[in-house]
Amino acid sequence: MTNRKIAALIAALLATAAFSVHAKLPPPPPLDEKGKAAAEEKKKKDAEAAEKAKAAQAGAEDKAVKNFQDNMKKAKKPIPKPTPIATAPAAAPAAPAKGSAPAAPPAKAPEKAPPKKA
């Protein structure tokens, strides 16, 4: 067989395999009481693990900051003030109900005065 035929055969096999992977699987069966209880227990364990990880992360950050500040003091350099971290803005308010009055249009920005000629 020539290289072209081999390449075409491999491409056809890969295409067939790719299409067979996209076969739709049936949905999982609904959980029974025992399954629901196990899911709740797992959810609680995951939340506890997340809290422990968050506390460990905060402790490591505090330790790193203290180490940095101590090194700066030893080097007799000024310790920079921490930069505040901006938090994510609050979520946008929900859309008004159909029967409510429309929102007021945004206020226009004041126009710039024309430059004065001297």
* Matching residues, the range 33-58, being of a type outside the set (Asp, Glu) and either modelled with pLDDT under 95 or not in a helix (DSSP H, G or I) (or both) -> 34, 35, 36, 37, 38, 39
* Asked: Residues in the range 11-22: is at least one over 30 Å from residue 82 (Cβ atoms) and outside any helix (DSSP H, G or I)?
  -> yes
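The values are calculated or read from the model by the stated rules, or taken from the named source; none is laboratory data. Note that the structure is a prediction, hence the values are computed from the model and not measured. Positions of Cβ are generated from backbone atoms using ideal geometry, with glycine treated the same way; all protein chains shown enter the neighbour counts.
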